[in-house]
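Have a look at the structure below, then the notes.
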Amino acid sequence: MDTAIWWVRRDLRLGDNQALAEALLRARHILPVFVLDPQVVASPWAGEKRLGFLFAALRSLEADLHSRGSYLVLRRGKPEQVLAGLIQETGAERIFAEADHSPYARHRDEQVARSLPLSLVDGLTVNPPHAVLKPDGAPYTVFTPFSRAWRSLPFPGRPLEAPREIPAPAGIPGENIPDAPKHGLADMFPTSEAVRRLERFSKEKIFQYAESRNRMDLDGTSALSPYLRFGILSARQAAWAAQEAEFFAPDPTSRQGVETWLNELIWREFYIAILYHFPNVRMESFRAELRNIPWRNDPAEFEAWKEGRTGYPVVDAAMRQLSQTGWMHNRARMIAASFLVKDLLIDWRWGEKHFMQHLLDGDPAANNGGWQWTAGTGTDAAPYFRVFNPVLQGRKFDPLGVYVKHYVPELANVPDEYVHEPWKMSIEQQRQFRCMIGVDYPAPIVEHVVARARALDAYKVKEKV
DNA sequence: TTTTGAGTTGTTCGA
DNA sequence: GTCGAACAACTCAAA
């Protein structure tokens, strides 16, 4: 065919892009298109920070396209209308796009495919949801068997090189990419750094990952999630890097690091598959018997949690890291989520939505899976009696309070032994370390021991159902 | 069909 | 301070 549209969605990359490769194989001219749906942009789930990151990534993609003799057409509107218009203008015979398995995306793509020639190509995951099934064809609902099945599939081949040239049809007008807000958040995750960061991580930190990933005060995680969220890196590029690292791993500890990181990639695909097979998890608990937990849902406590003034330093640091940077350490996510759901007894869906509004990497599948795991309502959930103790977690994974003090400067002068429980300082100490509890830094809004017992009691609903 | 082993990330209590 | 058990059964996956 002469012309095809490459419809860009969650694959903002030229390297290892199977949809783009397929389009190039089949057509002489490719028109790269991004459709900005005003309804999606206005949705409370969209998240301003993530939009800013998206626009920065689009700008970078545009630059990459320019260097290959192409360009990016951005249009606003309903995808089916925009694409129909572009087919008229260009005479394109087919639209190629990377398959996206979320409920919203599937609905959107069905709408488009109803009237337009759309080809979906895998690439969002290493193994798409329909490829990892039990022998009887049913989906897995427990991670470990899922991961065994995932690993038993052929390992992905070498990622595709970015095409050197992408011939484009001439002169199709588009709009300018909107300016990213000036909060500078995208600067922390520059698009141009994505591949380099993956390479660096998979040559160094990945070997200590099994241990260091839990430390909030260390830079031990890969911090690649925003890139994977928008397909600036492909899952296959990540898995390939892990496979190479495994080959070079010098000892069992290093191999364990690689395995642990690969497992995280599999977790991502597990939750993508769960949301694909069980789209109702978006609205309700996966486990039916835990749909009637008597939440307290106190609005003032919810505000305190969001703003990082619960009086528990680790929780507050986590929440401030989120609002300030659009990213949160995974260990911190669990601690903050556990505190909201268990200590405050606030519906996990409130937390899920708040995270979606602030996370650069906010993804409906992973975010939902994580929240339901913490709440104990999901597939493969943590036992209900597993309630994180914010003080113990802090001591264990931020032993000197470095993480806490970075985001909660009120505690800057507090000695290590009190940094995770500053309310235990005497009045004299509070004065000495210039941190008056209730004045400079809030007193705990709940007493953990009491809140824990309250949560365990509330979770007994399942016995009544 | 039945049986069996296992299940991301914790905390608390008592010896 | 350290260690093991209890926390609660239940469901899933696989033999």
Fill in: Matching residues, region A:295-326, being over 15 Å from A:Val391 (Cβ atoms) and touching a Pro at 6+ places or on another chain (Cβ under 7 Å)
A:Arg309
Worksheet entry | region A:223-234 - residue that is of a type in the set (Gly, Ala, Ser) and buried (at least 21 other Cβ atoms within 10 Å of the Cβ) and, of those, nearest to A:Ala56 (Cα to Cα) | A:Gly231
Fill in: Output for region A:133-158, where each listed residue is more than 13 Å from DNA strand B (Cβ to nearest atom), surrounded by 15 or more Cβ atoms within 10 Å (Cβ to Cβ) and more than 24 Å from A:Gln237 (Cα to Cα)
A:Pro139
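Can you name the residue in region A:259-302 that is farther than 30 Å from A:Ser212 by Cβ and in contact with a Ser or Thr (Cβ under 7 Å, 6 or more places away or on another chain) and is also farthest from DNA strand B (Cβ to nearest atom) among such residues? Explain how you work it out, then say what you get.
Taking region A:259-302 as the starting set, the residues that turn out to be farther than 30 Å from A:Ser212 by Cβ are A:276-302.
Checking which are in contact with a Ser or Thr (Cβ under 7 Å, 6 or more places away or on another chain) leaves us with A:285-287, A:290-291.
Details: A:Ser285: 16, A:Phe286: 13, A:Arg287: 11, A:Leu290: 14, A:Arg291: 19 Å.
The qualifying residue farthest from DNA strand B (Cβ to nearest atom) is A:Arg291.
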Worksheet entry | Of all residues in region A:315-326 being crowded, with 24+ Cβ neighbours inside 10 Å and either of a type in the set (A, V, I, L, M) or at negative phi (or both), the one that is nearest to DNA strand B (Cβ to nearest atom) | A:Val315
Item to complete: Kindly establish whether A:Gly257 is farther than 27 Å from A:Thr377 by Cα and crowded, with 22+ Cβ neighbours inside 10 Å.
Response: yes
Worksheet item: For region A:201-217, does any single residue satisfy the condition of being β-branched (Val, Ile, Thr) and over 30 Å from A:Glu93 (Cα atoms)?
Response: yes
Discussion item. Checking the condition within 25 Å of A:Gln237 (Cα to Cα), surrounded by 21 or more Cβ atoms within 10 Å (Cβ to Cβ) and either within 16 Å of DNA strand C (Cβ to nearest atom) or not assigned by TED's automatic domain parsing to the domain that holds A:Ala366 (or both), which residue from A:Leu61, A:Leu86 passes?
Written reply: A:Leu61
Worksheet item: Residues in region A:122-140 that are near DNA strand C (Cβ under 10 Å from one of its atoms) and within 14 Å of A:Trp267 (Cβ to Cβ): how many?
Response: 1
Worksheet entry | Members of region A:270-310 found to be among the β-branched types (Val, Ile, Thr) and either more than 14 Å from DNA strand C (Cβ to nearest atom) or in a loop (DSSP other than H, G, I, E, B) (or both), listed by number | A:Ile272, A:Ile293, A:Thr310
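The values are calculated or read from the model by the stated rules, or taken from the named source; none is laboratory data. If you're wondering where the values come from, they're calculated on a predicted model, not measured in any experiment. Note that we place each Cβ from the backbone using ideal geometry, even for glycine, and neighbour counts take in every protein chain shown.
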